[in-house]
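Remarks on the structure that follows.
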Amino acid sequence: MAHPNTPLVASVTEVIDEIVDVSSRRVLDVGCGTGALVRWLAERGARATGVETQSDLVDAARNRPPVCGERYLHGGGESLPLADEEFDVVIFSFSLHHVPGDKMRKALAEARRVLVDGGIVVVVEPVADGDYFEVVRIVDDETRVRRLALDAVSDLDAHGLEPGPEAYYRMHRHYSDPERLFEQIVRVDPDRAPVVAANRDRLIEKFYRHGRPAEEGYRFEMEIRSNLLVKSSSQAA
(Lines give C-alpha, C1' and ligand atoms only; values in the text may rest on other atoms or scores of the structure.)
Protein backbone atom coordinates (compact mmCIF):
# COMPACT_ATOMS: atom_id res chain seq x y z
CA MET A 1 0.00 0.00 0.00
CA ALA A 2 1.21 3.49 -0.82
CA HIS A 3 2.56 5.55 2.05
CA PRO A 4 0.09 8.25 3.23
CA ASN A 5 2.66 10.94 2.40
CA THR A 6 2.78 9.86 -1.25
CA PRO A 7 1.15 12.70 -3.25
CA LEU A 8 -2.50 12.17 -4.13
CA VAL A 9 -3.44 13.00 -7.72
CA ALA A 10 -6.84 13.12 -9.37
CA SER A 11 -5.77 11.49 -12.64
CA VAL A 12 -2.85 10.37 -14.79
CA THR A 13 -3.07 13.64 -16.70
CA GLU A 14 -2.15 15.47 -13.51
CA VAL A 15 1.04 13.39 -13.33
CA ILE A 16 1.89 14.08 -16.97
CA ASP A 17 1.19 17.79 -16.48
CA GLU A 18 3.68 17.81 -13.61
CA ILE A 19 6.40 16.13 -15.68
CA VAL A 20 6.23 17.90 -19.03
CA ASP A 21 4.70 20.94 -20.72
CA VAL A 22 3.18 19.46 -23.89
CA SER A 23 2.08 22.76 -25.43
CA SER A 24 3.26 23.11 -29.05
CA ARG A 25 5.12 19.80 -28.83
CA ARG A 26 4.67 16.76 -31.02
CA VAL A 27 3.42 14.10 -28.61
CA LEU A 28 2.76 10.40 -29.18
CA ASP A 29 0.49 8.33 -26.92
CA VAL A 30 1.33 4.63 -27.25
CA GLY A 31 -1.67 2.43 -26.45
CA CYS A 32 -4.15 5.27 -26.79
CA GLY A 33 -7.37 3.24 -26.55
CA THR A 34 -10.30 5.41 -27.61
CA GLY A 35 -8.15 8.53 -27.49
CA ALA A 36 -9.04 10.22 -24.20
CA LEU A 37 -5.43 11.16 -23.45
CA VAL A 38 -4.79 12.19 -27.05
CA ARG A 39 -7.73 14.60 -26.90
CA TRP A 40 -6.46 15.96 -23.58
CA LEU A 41 -3.04 16.51 -25.14
CA ALA A 42 -4.62 18.35 -28.06
CA GLU A 43 -6.58 20.53 -25.64
CA ARG A 44 -3.27 21.42 -23.97
CA GLY A 45 -1.87 22.61 -27.29
CA ALA A 46 0.09 19.52 -28.33
CA ARG A 47 0.25 18.14 -31.85
CA ALA A 48 -1.02 14.79 -30.70
CA THR A 49 -0.92 11.30 -32.22
CA GLY A 50 -2.24 8.06 -30.79
CA VAL A 51 -1.22 4.51 -31.67
CA GLU A 52 -3.39 1.54 -30.69
CA THR A 53 -3.26 -2.21 -31.45
CA GLN A 54 -7.04 -2.79 -31.39
CA SER A 55 -8.57 -1.59 -34.65
CA ASP A 56 -12.04 -1.16 -33.12
CA LEU A 57 -10.62 1.27 -30.56
CA VAL A 58 -8.83 3.19 -33.31
CA ASP A 59 -12.14 3.47 -35.17
CA ALA A 60 -13.87 4.66 -32.01
CA ALA A 61 -11.19 7.30 -31.45
CA ARG A 62 -11.46 8.55 -35.03
CA ASN A 63 -15.24 8.80 -34.71
CA ARG A 64 -15.04 11.19 -31.75
CA PRO A 65 -15.26 14.92 -32.54
CA PRO A 66 -11.67 16.12 -33.06
CA VAL A 67 -10.14 18.73 -30.76
CA CYS A 68 -7.34 20.11 -32.93
CA GLY A 69 -5.89 17.94 -35.67
CA GLU A 70 -5.11 14.87 -33.58
CA ARG A 71 -4.59 11.63 -35.49
CA TYR A 72 -4.89 7.93 -34.69
CA LEU A 73 -2.91 5.04 -36.17
CA HIS A 74 -3.20 1.28 -35.90
CA GLY A 75 -0.02 -0.37 -34.63
CA GLY A 76 1.89 -1.82 -31.72
CA GLY A 77 4.43 -0.16 -29.48
CA GLU A 78 7.11 -2.63 -30.52
CA SER A 79 6.76 -1.62 -34.20
CA LEU A 80 5.57 1.96 -34.44
CA PRO A 81 4.23 2.96 -37.89
CA LEU A 82 6.08 6.27 -37.67
CA ALA A 83 9.20 7.95 -39.03
CA ASP A 84 12.47 8.50 -37.18
CA GLU A 85 12.72 11.67 -35.05
CA GLU A 86 9.06 12.59 -35.53
CA PHE A 87 8.20 13.45 -31.91
CA ASP A 88 9.31 15.50 -28.95
CA VAL A 89 7.51 13.40 -26.32
CA VAL A 90 6.35 9.78 -26.20
CA ILE A 91 3.92 8.67 -23.47
CA PHE A 92 3.10 5.18 -22.21
CA SER A 93 0.13 5.72 -19.90
CA PHE A 94 -0.81 2.41 -18.21
CA SER A 95 0.16 0.74 -21.49
CA LEU A 96 3.72 -0.58 -21.30
CA HIS A 97 2.67 -3.60 -19.22
CA HIS A 98 0.16 -4.50 -21.96
CA VAL A 99 2.98 -4.91 -24.50
CA PRO A 100 4.07 -8.60 -24.69
CA GLY A 101 6.79 -9.13 -22.09
CA ASP A 102 9.49 -10.04 -24.58
CA LYS A 103 8.75 -6.89 -26.61
CA MET A 104 8.65 -4.22 -23.89
CA ARG A 105 12.31 -3.26 -24.37
CA LYS A 106 11.75 -3.08 -28.12
CA ALA A 107 8.79 -0.75 -27.52
CA LEU A 108 11.02 1.61 -25.53
CA ALA A 109 13.70 1.39 -28.21
CA GLU A 110 11.04 2.27 -30.79
CA ALA A 111 10.06 5.26 -28.68
CA ARG A 112 13.68 6.38 -28.75
CA ARG A 113 13.78 5.95 -32.53
CA VAL A 114 10.82 8.25 -33.16
CA LEU A 115 12.12 10.91 -30.75
CA VAL A 116 14.24 13.90 -31.67
CA ASP A 117 17.51 14.36 -29.80
CA GLY A 118 16.68 15.63 -26.33
CA GLY A 119 13.18 14.17 -26.54
CA ILE A 120 11.61 12.40 -23.57
CA VAL A 121 9.64 9.27 -22.80
CA VAL A 122 7.11 9.39 -19.96
CA VAL A 123 6.10 5.98 -18.58
CA VAL A 124 3.22 5.91 -16.08
CA GLU A 125 2.44 2.47 -14.68
CA PRO A 126 0.20 1.09 -11.94
CA VAL A 127 1.97 -0.62 -9.04
CA ALA A 128 0.88 -4.15 -8.15
CA ASP A 129 -0.49 -3.17 -4.74
CA GLY A 130 -3.44 -1.40 -3.14
CA ASP A 131 -7.21 -1.75 -2.70
CA TYR A 132 -8.05 -1.61 -6.39
CA PHE A 133 -5.40 -4.15 -7.33
CA GLU A 134 -6.64 -6.63 -4.69
CA VAL A 135 -10.05 -6.72 -6.38
CA VAL A 136 -8.99 -6.69 -10.02
CA ARG A 137 -6.25 -9.31 -9.60
CA ILE A 138 -8.99 -11.95 -9.28
CA VAL A 139 -9.76 -11.35 -12.96
CA ASP A 140 -6.29 -10.55 -14.24
CA ASP A 141 -3.31 -10.72 -11.88
CA GLU A 142 -0.82 -8.33 -13.49
CA THR A 143 1.89 -8.71 -10.84
CA ARG A 144 4.30 -10.32 -13.29
CA VAL A 145 3.72 -8.03 -16.30
CA ARG A 146 3.97 -4.90 -14.16
CA ARG A 147 7.29 -6.18 -12.83
CA LEU A 148 8.45 -6.86 -16.38
CA ALA A 149 7.53 -3.30 -17.36
CA LEU A 150 9.67 -1.89 -14.56
CA ASP A 151 12.52 -4.20 -15.55
CA ALA A 152 12.26 -2.97 -19.15
CA VAL A 153 12.36 0.67 -18.06
CA SER A 154 15.46 -0.08 -15.98
CA ASP A 155 17.28 -1.91 -18.79
CA LEU A 156 19.07 1.12 -20.22
CA ASP A 157 21.39 -0.95 -22.40
CA ALA A 158 18.43 -2.49 -24.21
CA HIS A 159 16.51 0.65 -25.14
CA GLY A 160 19.32 3.24 -25.19
CA LEU A 161 17.50 5.93 -23.24
CA GLU A 162 18.96 7.75 -20.25
CA PRO A 163 17.19 7.68 -16.88
CA GLY A 164 15.46 10.69 -15.40
CA PRO A 165 13.41 11.10 -12.22
CA GLU A 166 11.14 8.39 -10.84
CA ALA A 167 8.15 9.31 -8.67
CA TYR A 168 5.21 7.63 -6.94
CA TYR A 169 1.65 8.87 -6.50
CA ARG A 170 -1.65 7.74 -5.06
CA MET A 171 -4.85 7.86 -7.06
CA HIS A 172 -8.45 7.09 -6.12
CA ARG A 173 -11.03 5.31 -8.22
CA HIS A 174 -14.71 5.57 -7.35
CA TYR A 175 -17.57 3.21 -8.16
CA SER A 176 -21.19 3.45 -7.08
CA ASP A 177 -21.50 -0.34 -6.93
CA PRO A 178 -19.74 -3.52 -8.09
CA GLU A 179 -21.48 -3.46 -11.48
CA ARG A 180 -19.74 -0.22 -12.46
CA LEU A 181 -16.37 -1.78 -11.64
CA PHE A 182 -17.20 -4.91 -13.62
CA GLU A 183 -18.16 -2.79 -16.64
CA GLN A 184 -14.78 -1.06 -16.58
CA ILE A 185 -12.83 -4.30 -16.17
CA VAL A 186 -14.51 -5.78 -19.25
CA ARG A 187 -14.29 -2.54 -21.25
CA VAL A 188 -10.49 -2.64 -20.95
CA ASP A 189 -10.40 -6.22 -22.25
CA PRO A 190 -13.62 -7.94 -23.47
CA ASP A 191 -11.96 -11.34 -23.02
CA ARG A 192 -12.28 -10.79 -19.27
CA ALA A 193 -16.10 -11.08 -19.39
CA PRO A 194 -16.33 -14.85 -18.75
CA VAL A 195 -13.77 -14.58 -15.94
CA VAL A 196 -15.83 -11.84 -14.30
CA ALA A 197 -18.97 -13.97 -14.64
CA ALA A 198 -17.28 -17.05 -13.17
CA ASN A 199 -15.94 -15.09 -10.17
CA ARG A 200 -18.88 -12.77 -9.60
CA ASP A 201 -19.60 -13.64 -5.96
CA ARG A 202 -15.95 -13.47 -4.98
CA LEU A 203 -15.51 -10.13 -6.76
CA ILE A 204 -18.52 -8.65 -4.97
CA GLU A 205 -17.15 -9.81 -1.60
CA LYS A 206 -13.76 -8.27 -2.41
CA PHE A 207 -15.40 -5.06 -3.61
CA TYR A 208 -17.09 -4.43 -0.28
CA ARG A 209 -14.13 -5.65 1.76
CA HIS A 210 -11.58 -3.32 0.11
CA GLY A 211 -13.80 -0.42 -0.94
CA ARG A 212 -14.05 2.52 1.43
CA PRO A 213 -17.46 4.22 1.67
CA ALA A 214 -17.40 7.65 0.04
CA GLU A 215 -19.86 10.19 -1.32
CA GLU A 216 -19.53 8.66 -4.79
CA GLY A 217 -20.21 5.15 -3.48
CA TYR A 218 -16.96 3.34 -2.76
CA ARG A 219 -13.38 4.49 -3.09
CA PHE A 220 -10.40 2.35 -4.03
CA GLU A 221 -6.81 3.50 -3.73
CA MET A 222 -4.10 2.60 -6.18
CA GLU A 223 -0.43 3.50 -6.38
CA ILE A 224 1.16 4.58 -9.64
CA ARG A 225 4.76 5.18 -10.66
CA SER A 226 6.16 7.58 -13.23
CA ASN A 227 9.52 7.28 -14.97
CA LEU A 228 11.13 9.86 -17.20
CA LEU A 229 13.58 8.65 -19.85
CA VAL A 230 15.60 10.91 -22.14
CA LYS A 231 17.09 10.54 -25.62
CA SER A 232 20.38 12.31 -25.06
CA SER A 233 21.56 14.55 -27.86
CA SER A 234 25.05 13.12 -27.29
CA GLN A 235 23.96 9.56 -28.17
CA ALA A 236 24.59 8.12 -31.58
CA ALA A 237 21.48 7.30 -33.56
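Determine if the stretch 33-41 includes at least one residue that is touching a Gly at 6+ places or on another chain (Cβ under 7 Å), β-branched (Val, Ile, Thr) and part of a loop (DSSP other than H, G, I, E, B). Step through it out loud before you land on a result.
Taking the stretch 33-41 as the starting set, the residues that turn out to be touching a Gly at 6+ places or on another chain (Cβ under 7 Å) are 35, 38.
Next cut, β-branched (Val, Ile, Thr) only: 38.
From what is left, the residues that are part of a loop (DSSP other than H, G, I, E, B) are none.
For the stretch 33-41, residues touching a Gly at 6+ places or on another chain (Cβ under 7 Å), β-branched (Val, Ile, Thr) and part of a loop (DSSP other than H, G, I, E, B): absent.
Going by the conditions given, is VAL153 among the hydrophobic types (A, V, I, L, M, F, W, C), under 18 Å from PHE94 (Cα atoms) and touching a residue at least 60 places away in the same chain (Cβ under 8 Å)? Show your work before the answer.
Values: among the hydrophobic types (A, V, I, L, M, F, W, C): yes; under 18 Å from PHE94 (Cα atoms): yes; touching a residue at least 60 places away in the same chain (Cβ under 8 Å): yes.
Yes, satisfied.
Which residues, taken from the stretch 52-67, are acidic (Asp, Glu) and surrounded by 16 or more Cβ atoms within 10 Å (Cβ to Cβ)? I'd like the intermediate steps shown before the answer.
Quick first cut of the stretch 52-67, residues acidic (Asp, Glu) only: 52, 56, 59.
Selection gives GLU52 alone.
Only residues that are more than 22 Å from LEU115 (Cβ to Cβ), of a type in the set (Gly, Ala, Ser) and in contact (Cβ under 8 Å) with a residue 24 or more places away in the chain: list them for the stretch 34-60, please.
Across the stretch 34-60, the qualifying residue is only ALA60.
Quick check: is even one residue across the stretch 138-148 touching a residue at least 40 places away in the same chain (Cβ under 8 Å), surrounded by 14 or more Cβ atoms within 10 Å (Cβ to Cβ), assigned to a loop (DSSP other than H, G, I, E, B) and of a type in the set (Val, Ile, Thr)?
Within the stretch 138-148 (the criterion being touching a residue at least 40 places away in the same chain (Cβ under 8 Å), surrounded by 14 or more Cβ atoms within 10 Å (Cβ to Cβ), assigned to a loop (DSSP other than H, G, I, E, B) and of a type in the set (Val, Ile, Thr)), the answer is yes, since at least one residue qualifies.
Counting only residues that are touching a helix residue (DSSP H, G or I) at 6+ places or on another chain (Cβ under 6 Å) and of a type in the set (Phe, Trp, Tyr), which one in the stretch 63-92 is nearest to ASP21 (Cα to Cα)?
So in the stretch 63-92, the residues touching a helix residue (DSSP H, G or I) at 6+ places or on another chain (Cβ under 6 Å) come out as 67-68, 70, 72, 74, 77-78, 80, 82, 84, 86-87, 90.
Filter again for of a type in the set (Phe, Trp, Tyr), leaving 72, 87.
On the way: TYR72: 21, PHE87: 14 Å.
Checking each candidate, the answer is PHE87.
Output the number of the condition that ARG192 fails; it satisfies all remaining conditions of (1) closer than 22 Å to GLY33 by Cβ; (2) modelled with pLDDT of 95 or more; (3) touching an Asp or Glu at 6+ places or on another chain (Cβ under 7 Å).
All conditions pass for ARG192, except number (2).
Inside the stretch 202-221, can you point out the residues that are over 12 Å from VAL139 (Cα atoms) and either exposed (fewer than 14 other Cβ atoms within 10 Å of the Cβ) or without any contact (Cβ under 8 Å) to a residue 12 or more places away in the chain (or both)?
GLU205, TYR208, ARG209, ARG212, PRO213, ALA214, GLU215, GLU216
Could you check the stretch 85-108 and list, in sequence order, the residues that are without any contact (Cβ under 8 Å) to a residue 40 or more places away in the chain and farther than 15 Å from ALA149 by Cα?
GLU85
Examine the stretch 139-150 for a residue that is among the hydrophobic types (A, V, I, L, M, F, W, C) and over 30 Å from TYR218 (Cα atoms), and state whether such a residue exists.
In the first step, residues of the stretch 139-150 are kept if they are among the hydrophobic types (A, V, I, L, M, F, W, C); the result is 139, 145, 148-150.
If we keep only those that are over 30 Å from TYR218 (Cα atoms) as well, we get 148.
There is at least one residue in the stretch 139-150 that is among the hydrophobic types (A, V, I, L, M, F, W, C) and over 30 Å from TYR218 (Cα atoms).
With the requirement that a residue be part of a strand (DSSP E or B) and either modelled with pLDDT under 95 or not charged (D, E, K, R) (or both), what does the stretch 52-67 give you? Before you say what the answer is, go through the steps one by one.
Taking the stretch 52-67 and keeping what is part of a strand (DSSP E or B), we get 52.
If the condition is that a residue be part of a strand (DSSP E or B) and either modelled with pLDDT under 95 or not charged (D, E, K, R) (or both), then no residue fits.
Would you mind telling me which numbered condition in (1) assigned to a strand (DSSP E or B); (2) of a type in the set (Lys, Arg); (3) out of contact with any helix residue (DSSP H, G or I) (no Cβ under 9 Å at 6 or more places or on another chain) ARG173 fails?
(3)
Give me the strands (runs of 3 or more DSSP E) completely within the stretch 68-134, filtered to those with at least 1 residues that are within 16 Å of the chain's Cα centre (by Cα) and surrounded by fewer than 21 Cβ atoms within 10 Å (Cβ to Cβ), ordered by residue number.
Numbers: elements: 71-74, 87-93, 115-130.
Hits in the stretch 68-134: 115-130.
How do the pairs read when you match residues in the stretch 61-72 that are closer than 10 Å to ALA42 by Cβ with residues anywhere that are loosely packed, with under 15 Cβ neighbours inside 10 Å, using Cβ under 6 Å and keeping only pairs 6 or more apart or on different chains?
Within 6 Å, the pairs are VAL67/GLU43.
Scan the stretch 181-195 for residues that are under 22 Å from the mean Cα position of the chain (by Cα) and surrounded by 13 or more Cβ atoms within 10 Å (Cβ to Cβ) and jot them down. I'd like the intermediate steps shown before the answer.
Going residue by residue through the stretch 181-195, those that are under 22 Å from the mean Cα position of the chain (by Cα) are 181-193.
Within the stretch 181-195, LEU181, PHE182, ILE185, VAL186, VAL188, ASP189, ARG192, ALA193 meet the criteria.
The values are calculated or read from the model by the stated rules, or taken from the named source; none is laboratory data. Only a predicted model underlies this, so the values are computations on that prediction, with no experimental measurement involved. Heads up, the Cβs are rebuilt from the backbone with ideal geometry, glycines too, and the neighbour counts pull from every protein chain shown.
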